[in-house]
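Below is one structure, written out as structure tokens; comments come after it.
The values are calculated or read from the model by the stated rules, or taken from the named source; none is laboratory data. Since the model is a prediction, treat every value here as computed from it, not as a measurement. Because the Cβ atoms are built from the backbone with ideal geometry, glycine has one as well, and the counts that use them run over all protein chains shown. Side chains included, ligands, DNA and RNA excluded: accessible areas come from the protein's heavy atoms. Shrake-Rupley method; radii C 1.70, N 1.55, O 1.52, S 1.80 Å.
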Amino acid sequence: MACRKLNGERFSLIEELHRLFDILFVWTPEVQFDEALALYQEALPGKGTLADRLHHGRKQHSIPPEERALVPGIVERMLAEIRSRTLALVELPANEGIDAPVLEMDDEFGGACWYQGNYRSHVEINIDDCIQRGVHVQVLMDALCHEVYPGHHTAYTLREHHLHREQGYQEEMIGLIFTPAAVIGEGIATTACEMLFSPHELEAWLVEYVYPELGIVADRADVAKIQQATDTLNGLWGNAIFMLREGQSEDALRAYLAPYMRQPHLPFWQLPFHEGFGFVEPYGKRLMQSWLQGPDRQQTFRRFLAEQWYPSQLVK
């Protein structure tokens, strides 16, 4: 499908998504986004507009620019914690590891994991962007879980070990991005943090080990509801990209997203093939979460990390 598109053939967005990623696009009803706003209203303390309270809550829990020098030590502490928790979940090869993470990136990506083979990865986390945008410090922990433990790096490592070395699947040594495997990979990465912490456990860990150093005082926000609302609003991106492909204007797109306090990622979506990632992460997370319920969730997650899957296998 990628070769046909590069060769000049044109397809509907729905057909592209199906042929590239093995997913079927379904428009997310706006009533779900309204329900997400209601969750924010319930979860966020304080007075003022919802946008003001959301911004204040994030700013109150963000990394102060003047404390930038503390970030490498905090990242090291977070990595030690999530690696320890991941080792309680899965067995990793003895020589597994990552380079010291690069904490600046000259682009708008939040993070990246470049697997080098032999159980090693090069990891980048865009700390400066986090500080400039004043995002919640939980985003840093989520990014490390997403990219490293038990997310992308862990999945690449276990697939090299179990699928390539033990079973001879040489294709597992190539990280093909615009494929069904990307949906599975992003599903693993976007659920990685919640496989190690409940929202309240993560908040408690940050209160003990991170907030005091940064001078952050926790508020009365319901972090579980905030996470649920944020996940639901991620469905906006698919709707917005579909509108863009239909030929609707950028102004119409901004007007559609404005009530939900979101801005379109136009530069990213306009890169070849990248618009599909407006669907891949939210779809992958919803798909994976439906399987990660109940007492066997850890065993199921271990299977996702170490076996070959494609999205339509997982659709209930």
message: I need the full set of residues from segment 88-137 which are open to solvent by 80 Å² or more (accessible area, probe 1.4 Å) and either touching a helix residue (DSSP H, G or I) at 6+ places or on another chain (Cβ under 6 Å) or part of a helix (DSSP H, G or I) (or both), in order please.
response: GLU104, GLN132, ARG133
query: How many residues are touching a helix residue (DSSP H, G or I) at 6+ places or on another chain (Cβ under 6 Å) and small (Gly, Ala, Ser) if we restrict to segment 138-161?
result: 2
message: Of all residues being under 17 Å from LEU202 (Cα atoms) and hydrophobic (A, V, I, L, M, F, W, C) in segment 43-68, which is nearest to the chain's Cα centre (by Cα)? Just the residue, please.
response: ILE63
- prompt: Which of the residues spanning segment 145-193 are closer than 13 Å to GLY117 by Cβ and either open to solvent by less than 30 Å² (accessible area, probe 1.4 Å) or not hydroxyl-bearing (Ser, Thr, Tyr) (or both)?
  reply: HIS153, THR157, ARG159, GLU160, HIS161, HIS164, ARG165, GLN170, GLU172, MET173, ILE174, GLY175
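Residues checked against (1) outside any loop (DSSP other than H, G, I, E, B); (2) touching a residue at least 24 places away in the same chain (Cβ under 8 Å); (3) in contact with a Gly (Cβ under 7 Å, 6 or more places away or on another chain); (4) hydrophobic (A, V, I, L, M, F, W, C):
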{"position": "THR191", "(1), (2), (3), (4)": "yes, yes, no, no"}
{"position": "GLU203", "(1), (2), (3), (4)": "yes, yes, no, no"}
{"position": "ALA218", "(1), (2), (3), (4)": "no, yes, no, yes"}
{"position": "LYS225", "(1), (2), (3), (4)": "yes, yes, no, no"}
{"position": "ALA229", "(1), (2), (3), (4)": "yes, yes, no, yes"}
{"position": "GLN248", "(1), (2), (3), (4)": "no, no, no, no"}
{"position": "GLN263", "(1), (2), (3), (4)": "no, no, no, no"}
{"position": "LEU271", "(1), (2), (3), (4)": "no, no, no, yes"}
{"position": "GLU281", "(1), (2), (3), (4)": "yes, yes, no, no"}
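Residue by residue, here is whether (1) of a type outside the set (Gly, Ala, Ser); (2) touching a strand residue (DSSP E or B) at 6+ places or on another chain (Cβ under 7 Å); (3) closer than 19 Å to THR230 by Cβ; (4) assigned to a loop (DSSP other than H, G, I, E, B) holds:
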residue: GLU16; (1), (2), (3), (4): yes, no, no, no
residue: LEU24; (1), (2), (3), (4): yes, no, no, yes
residue: THR28; (1), (2), (3), (4): yes, no, yes, yes
residue: GLN32; (1), (2), (3), (4): yes, no, yes, no
residue: GLU35; (1), (2), (3), (4): yes, no, yes, no
residue: TYR40; (1), (2), (3), (4): yes, no, yes, no
residue: GLY46; (1), (2), (3), (4): no, no, yes, yes
residue: GLY57; (1), (2), (3), (4): no, no, yes, no
residue: LEU70; (1), (2), (3), (4): yes, no, no, no
- prompt: Conditions: (1) farther than 26 Å from ARG85 by Cβ; (2) modelled with pLDDT of 95 or more. GLU250 meets all but one. Number of the miss?
  reply: (2)
query: Does segment 49-81 hold any residues that are among the β-branched types (Val, Ile, Thr) and surrounded by 13 or more Cβ atoms within 10 Å (Cβ to Cβ), and which are they?
result: ILE63, VAL71, ILE74, VAL75
Enumeration of residues in segment 77-99 that are among the acidic types (Asp, Glu) and over 20 Å from the mean Cα position of the chain (by Cα): GLU91, GLU96, ASP99
Residue satisfying condition, being under 22 Å from MET195 (Cβ atoms), among the hydroxyl-bearing types (Ser, Thr, Tyr) and open to solvent by 60 Å² or more (accessible area, probe 1.4 Å), within set SER12, SER84: SER84
- request: For ASP219, state whether it is under 26 Å from LYS59 (Cβ atoms) and surrounded by fewer than 19 Cβ atoms within 10 Å (Cβ to Cβ).
  value: yes
